[in-house]
Amino acid sequence: MVMTGPSGGGRTAHIGRAAHRAEDAHLVTGHSRAVGNLVSAASLHLGVLRSPMAHATIDGVDLSGALALPEVVAAFSGADLASTWVQPLPVSGPDDAHRPPQWPVAADRVRFVGEPVAVVAATSAAAAVDALEHIDVDYGPLPAVPSVDQALEDRDLVHEDLGTNVVFRFQGQRSGDLDAAFDTSNVVLSRRYQQSRVMGVALEPRTVVAEPGSGGQLVIRTSTQVPHRIRSHVALMLGRDESSFDVIAMDVGGGFGPKLDCYAEEILCTELALRLERPVTFVATRTEDLQTTSHGRGLRYDITIGGRTDGTLTGLQVQVTGDCGAYLSRVGANILLNGNAVTPGCYRWEAYGFDATGVFTTTVPTAAYRGAGRPEAAYAVERAINDLAHALGLDPADVRRRNFPAPDEFPFASIGGMTFDSGDYASGLDTALDAVDYPTWREAQAARLAAGDHRRLGIGMASYVDRCGTGPGMSEFGAVHIDPSGQVRVTSGLGPTGQGTGTTLAQIVADRLQVDMDAIEVVFGDTTRIPRGKGTFGSRSVSVGGVAVAGAVDRVIAAARRAAAMLLEANEEDLDVADGGLVVRGDPGTHLSFADIAAAVENREVDDMDGLQAVHDHEPDGFTFPFGTHAAVVEIDTETGRVDLLRFVAVDDSGVIINPALLQGQVHGGVAQGIAQALYEGVVHDDNGNLLTSSLIDYLVPTAPDLPHLETLTTTSHGDNPLGTKGVGESGTIGAPPAVVNAVVDALRGFGVQDVQMPCSPQRVWQAIRDGQQATRG
Amino acid sequence: MQVPETFDYERASNIDDAIALLERHGDEARLIAGGHSLLPMMKLRLAFPEVLIDINDVPDLDHIRIDGDEIAIGAMVRHAAILDSALLAEHYPIFRDAERVIADPLVRNRGTIGGSFCQADPAEDLSAVGAALGGSVVVRSSSGSRTVPMREFHEGPYETKVGDAEILTEVRFPIRNATGSAYEKVERRVGDWAVAAAGAFVQLDGDMIADAGIGLAAVGADHFIVPDAEAALRGKPAIRESFEEAAQLCHDQCSPVTDQRGPEDYKRHLARELVLRALTRATARARGEES
């Protein structure tokens, strides 16, 4: 069917409005439906005994001490449960990738600290914790392999039977003639850009309640971005029909990518609830969450980049080496492979080559984290362009500007193999530099240097193009139902985790129906009420899920038009949407509200209609490509190494904006997470593979006083879908890290510094200055 | 769930009651005031007290007042009250400097000066402040009160002069003329423990330094002090060269350890830099050039 575009003159009451979040009232008045708030007193509590060793054989598990406790209802080792699993936890990746099985509870060998070794079900959460101290496990220690460099030596193997720690080697894009490009360059640099390993610290840790429900169905309430996927994975692993389970996810307190996967505890609560015929609850402690929820990033880019004295970019050769952790996760390989298409960024190149290698280490598996491959790529290429500009003696802004495709070149075929829909990349850069007052800071920077001030200034920028919606095959479900009271119920297959997606979808619907937002209820995250859904990830909610709902509304309007034409004895073409209903053009007295029409339909006054409702699955035929430029100004105390972020300007083009306040919220949150990676957060393992950053004392999530005032601006192009939206959820984590680190390095060039690894903590900055000075004195 | 092991709980109504409870329950009992050190350790199962004796109801421990020629601070005074105290800001702005960088408002609303001193964490900011200023600590038992010089109170990491059935009741600082004080800290994130921190107290006699105190946190200085650095300042002109000499002695004589907050050489460097800055600011304040 043909969908109408964004509503035109006189009908734009809702789209583009900073509507208040409908999600907030119950959250801030103590009525959150977070899983942990829905635990019945009858529930048993799952305790998981986790490996304290990064790599060891399991030589014996003695559960008798735990089983002797009166509060313990059941206890199992990995061996006890091994025959229960029909298949291991789900995996995907290149065809030739090694896919060693990961089981919910390890039976014979552990490969990361925190891997489950035994479980108990006890009558209280405290009793479950106590019971774990009464389980004895004999471990046979094996060498830990906590780093990529150690893994690549292939001396100690994470999976002995594979004979190697290399998960896969992927040969990607080969475009243009790299040798010729580098031969005709004035400067060719080879640099390594380390993408630090981080964790998606959600406010709500992973939480599951599995509860026997009516009709033999088991209800699984879980904190996830992908309820339908959880249902299918649980069914696969337990060898049952999907209809045996109803997966419910409401009021999820943050996802950030790690909640895209099915975890051991979701399977375990379900299996134990089935066995014991009682509800079983698991609430991860913060430490469990940090240890066992998949980590993100953790890869390195070895880049060779060429350029000419006029600023022309020539060749880009990329080798990515990524830490997959102890097992390949469902999306772990994709994070590396995503770089193939997106690493060239928003620039013209003459030649490009990409290869990727995945590596096993004795650490928790890595998977998607806000951006899932795009921030990694943008960081490397944006750092490299700054280094190239420095080597060429050019302003990094000029190098970027020179190599952007012009607005009239869109759709633009990128050398990475994608065709960018629309954009004006130079205007994004210029807007950011104007807003931050670039020339003035350059003058101030020179003045500080001349005065010998120990507080140096640095200015950094990063331009990016994102790839959102995740393309063909990634459809989304939307449905709209209007009842005779005028209540509009919207159902969506998305799995929002705090974005305000319900408000956004309600705006789209209200705009088309010309009804009040109050009349609209949006339902997510219930696999019984919603037949199918992919979930929330890849900045796809509005450009795919929103378009699905818009399509469903348009179908409802079409159905209402047909019904109203019969009721009013008018021609369908003569009916206009007006004031929450339909009216014969030029005859206001004929107005029929959608409630009236729904009532007539339900009363069978209209033939062949079964309720005023419609479903629409939207499958995008391509990606959307948001873009922008982020700019940062830092002041560095070169005696203490402290970095003070003085200014941060984000200019993002996300296509048509449905709700500017929610969009700004996404940018603020994403930028904060990006700054966090640049300056504060970072996973640290010791040589034995212990996670040293296993609490929020050591894993430094910044809070408001650590962050500057964030200045956010938008430009607006038009996405290639009926709403014209592109996506914004991951822009901040893409733009902010390279902008901030480029600023840090810019401030320290005078000391001979060309790299500071993330997070640019005071000690790292101080060390970089000292190393730079020593090398310069050399 | 992060839950402590089972423990008993007693609530003391006054100091004598608290001391009696300590005597009754022996060395497996722990006092709890703000709880921001003890409770996390219990939840992480790093501490297993059998009995907690809550002293939040104990009266007469929450004063900040002038008592003779000293300022007396009750053991149950919260960090937030220290931060807000005009009396302390007037005499010793080092408290305001330090409290601004101690944890966050939630912790400052609960944590107490007595708890901070008795926890004796080697990175505790208030211990470094106390070390810089000197003064004394009042400790009470069933046989009465005794006064311990501030610089003898801490015996090492997590060890103090407070015995099993004793309670720290008050911390006292002498009031002196022509003084200035300041605190400088480098942390990884707002509210974090110090990578390194330095407090300084300076008393001037004209252009000369009549007396000085330096307190160092998180760099392994015994009793949080470097006596040689202070001795080097006394009788010297209050100029940068004097401060640099003292700062260098702190650099040389502290003994930091490498950890996640930084390598040993970086912490030594910070000790020097922060002592230099704290002495400079303390002197400016003594001269009335800075508030």
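Within the range A:275-288, residues that are facing chain B (nearest Cβ under 9 Å) sit with their Cβ atoms under 6 Å from residues that are outside any helix (DSSP H, G or I) and not hydroxyl-bearing (Ser, Thr, Tyr), at 6+ positions apart or across chains, in these pairs: A:THR285/B:GLN2. Taking the listed residues A:ALA66, A:ALA122, A:ALA75, the one that is more than 34 Å from the chain's Cα centre (by Cα), within 14 Å of chain B (Cβ to nearest Cβ) and farther than 24 Å from A:LEU260 by Cα is A:ALA122, with no other qualifying.
The rows are residues; the columns are (1) assigned by TED's automatic domain parsing to the domain that holds A:LEU723; (2) at pLDDT below 95; (3) part of a strand (DSSP E or B).
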site	(1), (2), (3)
A:ASP607	no, yes, no
A:THR629	yes, no, yes
A:ARG647	yes, no, yes
A:ILE658	yes, no, no
A:GLN666	yes, no, no
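Screening the range A:352-443 for helices (runs of 4 or more DSSP H) wholly inside it with 2 or more residues that are assigned by TED's automatic domain parsing to the domain that holds A:LYS726 and not β-branched (Val, Ile, Thr) returns the ranges A:425-436. The selection criterion, being surrounded by 15 or more Cβ atoms within 10 Å (Cβ to Cβ) and either out of contact with any helix residue (DSSP H, G or I) (no Cβ under 8 Å at 6 or more places or on another chain) or within 30 Å of A:GLY36 (Cα to Cα) (or both), holds for B:GLY35.
Run down B:ALA80, B:ALA89 and say which single residue is in the same structural domain as B:VAL162 (by TED's automatic domain parsing), within 27 Å of B:LYS161 (Cα to Cα) and either among the aliphatic types (A, V, I, L, M) or not in a helix (DSSP H, G or I) (or both). When all the criteria are applied, what remains is B:ALA80. Residues that are within 18 Å of A:LEU316 (Cβ to Cβ) and in contact (Cβ under 8 Å) with a residue 60 or more places away in the chain within the range A:402-438 comprise A:ARG402, A:ASN403, A:SER414, A:ILE415, A:GLY416, A:GLY417, A:MET418, A:PHE420, A:TYR425, listed in sequence order.
Could you tell me whether any residue of the range B:197-218 is in a loop (DSSP other than H, G, I, E, B), in contact (Cβ under 8 Å) with a residue 60 or more places away in the chain, surrounded by 24 or more Cβ atoms within 10 Å (Cβ to Cβ) and under 20 Å from the mean Cα position of the chain (by Cα)? Yes; the residues of the range B:197-218 include at least one that is in a loop (DSSP other than H, G, I, E, B), in contact (Cβ under 8 Å) with a residue 60 or more places away in the chain, surrounded by 24 or more Cβ atoms within 10 Å (Cβ to Cβ) and under 20 Å from the mean Cα position of the chain (by Cα).
Within the range A:21-79, the set of residues being of a type in the set (S, T, N, Q) and under 26 Å from A:GLY114 (Cβ atoms) comprises A:ASN37, A:SER43, A:SER51, A:THR57, A:SER64, A:SER77. With the requirement that a residue be within 14 Å of chain B (Cβ to nearest Cβ) and assigned to a helix (DSSP H, G or I), what does the range A:674-720 give you? Answer for the range A:674-720, where residues must be within 14 Å of chain B (Cβ to nearest Cβ) and assigned to a helix (DSSP H, G or I): A:ILE675, A:ALA676, A:GLN677, A:ALA678, A:LEU679, A:TYR680, A:ALA704, A:PRO705, A:ASP706. Considered as a group, the residues in the range B:244-291 that are acidic (Asp, Glu) and within 18 Å of B:PRO122 (Cβ to Cβ) include one that is modelled with the highest pLDDT, and that residue is B:GLU264.
In the range A:267-289, the condition of being under 30 Å from A:ARG169 (Cα atoms), touching a strand residue (DSSP E or B) at 6+ places or on another chain (Cβ under 7 Å) and not assigned by TED's automatic domain parsing to the domain that holds A:SER694 is met by no residue. For the range A:721-778, filtering for residues that are part of a helix (DSSP H, G or I) and either touching a Phe, Trp or Tyr at 6+ places or on another chain (Cβ under 9 Å) or within 14 Å of another protein chain (Cβ to nearest Cβ) (or both) leaves 24. Annotation note: of B:VAL171, B:VAL137, the sole residue that is free of Cβ contacts under 8 Å to residues at least 40 places away in the same chain and among the hydrophobic types (A, V, I, L, M, F, W, C) is B:VAL137. If you check B:VAL171, B:VAL107, B:VAL129, B:VAL137 for being among the β-branched types (Val, Ile, Thr), crowded, with 24+ Cβ neighbours inside 10 Å and part of a helix (DSSP H, G or I), only one passes: B:VAL129.
Looking across the range B:168-200, the residues that are of a type in the set (Val, Ile, Thr) and either more than 9 Å from every other protein chain (Cβ to nearest Cβ) or touching a strand residue (DSSP E or B) at 6+ places or on another chain (Cβ under 9 Å) (or both) come down to B:THR169, B:VAL171, B:ILE175, B:THR179, B:VAL186, B:VAL195. For the range B:242-291, a residue qualifies if it is surrounded by 15 or more Cβ atoms within 10 Å (Cβ to Cβ), part of a loop (DSSP other than H, G, I, E, B) and more than 11 Å from every other protein chain (Cβ to nearest Cβ), and the qualifying residues are B:CYS254, B:PRO256. Suppose we keep only residues that are farther than 15 Å from A:VAL283 by Cβ and in a helix (DSSP H, G or I) within the range A:17-64. Which one would you say is modelled with the highest pLDDT? For the range A:17-64, the residue satisfying everything is A:SER64.
The test for being without any contact (Cβ under 8 Å) to a residue 24 or more places away in the chain, not hydrophobic (A, V, I, L, M, F, W, C) and not assigned by TED's automatic domain parsing to the domain that holds B:ARG110 does not hold for B:ARG45. Name the residue that is farthest from A:LYS534 (Cα to Cα), counting only residues in the range A:479-489 that are in contact with a strand residue (DSSP E or B) (Cβ under 8 Å, 6 or more places away or on another chain) and surrounded by fewer than 24 Cβ atoms within 10 Å (Cβ to Cβ). The extreme case among them is A:GLY486.
Apart from one condition, A:VAL105 fits all of (1) surrounded by fewer than 21 Cβ atoms within 10 Å (Cβ to Cβ); (2) not in a strand (DSSP E or B); (3) not hydroxyl-bearing (Ser, Thr, Tyr); the exception is (1).
Tell me, which residue of the range B:7-27 that is within 25 Å of the chain's Cα centre (by Cα) and assigned to a helix (DSSP H, G or I) is surrounded by the fewest Cβ atoms within 10 Å (Cβ to Cβ)? Checked the range B:7-27; the qualifying residue surrounded by the fewest Cβ atoms within 10 Å (Cβ to Cβ) is B:ASP27. The set of residues in the range A:418-473 being of a type in the set (Val, Ile, Thr) and within 25 Å of A:PRO375 (Cα to Cα) consists of A:THR419, A:THR431, A:VAL436, A:ILE459, A:VAL465, A:THR470. The residues of the range A:452-478 that are surrounded by 17 or more Cβ atoms within 10 Å (Cβ to Cβ), part of a strand (DSSP E or B) and among the charged types (D, E, K, R), listed by number, are A:ARG456, A:GLU476.
The values are calculated or read from the model by the stated rules, or taken from the named source; none is laboratory data. Keep in mind that this is a model prediction, so the values were computed, not measured. Backbone-built Cβ (ideal geometry, glycine too); neighbour counts: all protein chains shown.
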